[in-house]
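Trainee: Got a structure for you, questions after.
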Amino acid sequence: MRLRFEVTALGSASGPRRGILEIDRGEQGSTRVETPSFLKYTRHGMQPHLVPEVAAHMDEQPAATHVQLEDFLDEQAIEKRKFTELRKLAGIDQADIVMLDVLDPTITMRTGKSGEKFMGVDSEGGLRRLTPAAFAQAVNALGPDVAVAPADYVHEAQPSLTHGKRIAKSVARST
């Protein structure tokens, strides 16, 4: 697989940089997306309130789909879980660019705490500890086009550099 980004217009103070993102998957073909672009948000790989039968009759759909790994973690240990390729699992179009993130970006309040060797992930199967090895295993099995590196999302109503221990630990782990 080859990823290429071409800048077509530089952003101004009031606008974003524009370009074309192309993912070439060899025999499976390539997909081009103009940026900035809309990214389909999903829960369990399905776009909420939009069933495939309705989507098939829409003139234009975004060419990129966002999927969260936490949606696919159940009561089984991550290391023993057998993942299926995302496009087959969720019925995602072969032409779509699939982006895999660990956490759902719409959920800001999280109870799972991360440690030095794992990331705490709240899933429907309960709290899971996601290690780098387990993340790599999931990415290899699920086969996304883009995988977002695990990050400790920290949300505090009023973040403080002097009192935010969780923020300080998160930054220390990331550097």
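The values are calculated or read from the model by the stated rules, or taken from the named source; none is laboratory data. Predicted, not measured: the structure shown is a model, and the values here were computed from it. As a convention, Cβ positions derive from the backbone with ideal geometry for all residues, glycine included, and neighbour counts pool all protein chains shown. Each accessible area value is taken on the protein alone, full model and side chains, heavy atoms only, with ligands, DNA and RNA left out. Shrake-Rupley method; radii C 1.70, N 1.55, O 1.52, S 1.80 Å.
Trainee: How do the strands (runs of 3 or more DSSP E) wholly within the range 1-60 filter down when requiring 3 or more residues that are over 21 Å from residue 104 (Cα atoms) and at pLDDT below 85: which remain?
Mentor: Where strands (runs of 3 or more DSSP E) fall fully within the range 1-60 and carry at least 3 residues being over 21 Å from residue 104 (Cα atoms) and at pLDDT below 85, they are 30-35.
Trainee: Name the pairs: first residue in the range 97-110 and within 22 Å of residue 37 (Cα to Cα), second residue open to solvent by 70 Å² or more (accessible area, probe 1.4 Å), Cβ to Cβ under 7 Å, at least 6 apart or on different chains?
Mentor: Within 7 Å, the pairs are 103/153.
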